[in-house]
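**Student:** First, the structure itself, so that you have it in front of you.
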Amino acid sequence: MTRHVAVTGAASGIGHALAALLTARGDEVIGVDLADAEVCADLSTPDGRANAVGGVLERCDGVLDALITCAGVAAPGRLMISVNYFGTTELVTALRPALAAADRPRVGVVGSISGTQQGDPRIVAACLSGDESLATARAEEAVARGDARQLYPSSKAALAQWLRRTCVSPGWADAGIPLNAVAPGVVLTPMSAELVADERMREVMREAVPMPLNGYADPETVAHALAWLTAPENSHITGQVVYVDGGAEATLRGPEQF
Ligand code: NAI
């Protein structure tokens, strides 16, 4: 039977590669993005998220086989928190009933190797408490004091912690819904294009995100990992952050962290 799979960020990069892969496999993909998607919605606002949920429910007739959230932003500011964290967690939560109605529902989210770096614990805490106003206010304060580097790690660390909490909370594992993340290193998409084009930044990234296994990844590589984690074959893996990072996490964290 055709699976209905919602993919956020489907207009570009990893989400686009994933939508193409799943479509080629015969899934009915419901792309969600700001534009150029089946459901055009802004995941940075509660109203936009409600529109996204409504659009997805309409297209899957209330039964969603998988949800994969790839939408994200890399420019420091409140959007980084609103899209990367709340644009995922609120959407996943709102679509849980439609997932629970499916035969073998699956959820995948996209974190980052950056989630292992030092974030701002106050922003992470505000995210985890579900207080978007506080989290975004703290993000703006960080930008104002010239300390925006912690924002992206904060958004992705909060997402990973939310995933660990949620996957075994009532309504998820006990309802047969695996919830996993992939955490890429550097992926060659429009998001990273400027960084990768700059030799000085490539030098910085050699230290910050060392990728001894095959270097920078193509979006298709990350898409394949997401496709497997959200396929019916994945019946028992949940709450995992799978690093698709060419060895960066193993290099940076060493053998004692696993
Ligand atoms: P991308 O920029 O190519 O695609 C992101 C997509 O998200 C775009 O289509 C964009 O329109 C959509 N989006 C942004 N804001 C939105 C909003 N408010 N509402 C709806 N859609 C919105 O980026 P890429 O590289 O494909 O990133 C996908 C995910 O992978 C992101 O979560 C990113 O943080 C993560 N990631 C990317 C890495 C990289 O090196 N490219 C590394 C690690 C993680």
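**Student:** Among GLY115, GLY239, GLY171, whose mean-square fluctuation peaks in a Gaussian network model of the chain (Cα, cutoff 10 Å)?
**Tutor:** Comparing GLY115, GLY239, GLY171 in a Gaussian network model of the chain, the most mobile one is GLY171.
**Student:** What Rg and what Dmax come out for segment 24-96 when only alpha-carbon atoms are used, in angstroms?
**Tutor:** 12.1, 38
**Student:** Most fluctuating residue of LEU213, LEU64, LEU22 in a GNM of the chain with Cα springs under 10 Å: which is it?
**Tutor:** Residue with maximal mean-square fluctuation among LEU213, LEU64, LEU22: LEU213.
**Student:** Rank these for me by crowding, HIS4, HIS224, going from fewest to most other beta carbons within 10 Å.
**Tutor:** The fewest-first ordering by Cβ neighbours comes to HIS224, HIS4.
**Student:** Per DSSP H run of n ≥ 4, the term is -39500 (n - 2.57); total these for the chain, divide by its residue number, and report the mean residue ellipticity at 222 nm rounded to 500 deg cm²/dmol.
**Tutor:** The per-residue figure over the chain is -12500 deg cm²/dmol.
**Student:** Then there's this: Running a GNM on the chain with Cα contacts under 10 Å, which residue among ASP47, ASP198, ASP147 ends up with the highest mean-square fluctuation?
**Tutor:** Taking springs between Cα atoms under 10 Å, the residue moving most is ASP198.
**Student:** I would also like to ask the following. Could you give the dipole magnitude of the chain about its Cα centre, charging the beta-carbon of Lys and Arg +1 and that of Asp and Glu -1, in debye to the nearest 20?
**Tutor:** My answer is approximately 520 debye.
**Student:** Right, something else. When the C-alpha atoms of segment 86-212 are aligned to their principal axes, what extent does each axis show, in angstrom, from largest down?
**Tutor:** 50, 34, 21
**Student:** How large are Rg and Dmax for the chain when only the alpha carbon atoms are used, in Å?
**Tutor:** When restricted to Cα atoms, the chain yields Rg and Dmax of 17.2, 53 Å.
**Student:** Want the number for ALA208 to ASP103: 0.36 nm per residue separation, take away the alpha-carbon distance, what's left?
**Tutor:** 33.7 nm
**Student:** A further question on this structure: What GluC sites (Glu not before Pro) does segment 190-258 have in DSSP loop regions with at most 14 other beta carbons within 10 Å?
**Tutor:** GLU233, GLU256
**Student:** Something else now. Kindly put LEU229, LEU151 in sequence by how many other C-beta atoms sit within 10 Å of each C-beta, fewest to most.
**Tutor:** Lowest to highest Cβ neighbour count: LEU229, LEU151.
**Student:** Rank GLN150, ALA125, LEU188 by how far each Cα sits towards the positive end of the charge dipole of the chain (+1 on Lys, Arg Cβ; -1 on Asp, Glu Cβ) and give me just the farthest.
**Tutor:** Highest projection toward the positive end goes to ALA125.
None of the figures in this text is laboratory data; all of them are computed from the coordinates on show. Remember, predicted model here, so these are calculated numbers, not experimental data. Quick reminder, even Gly has a Cβ in these numbers, built from the backbone with ideal geometry, and neighbours come from all protein chains shown.
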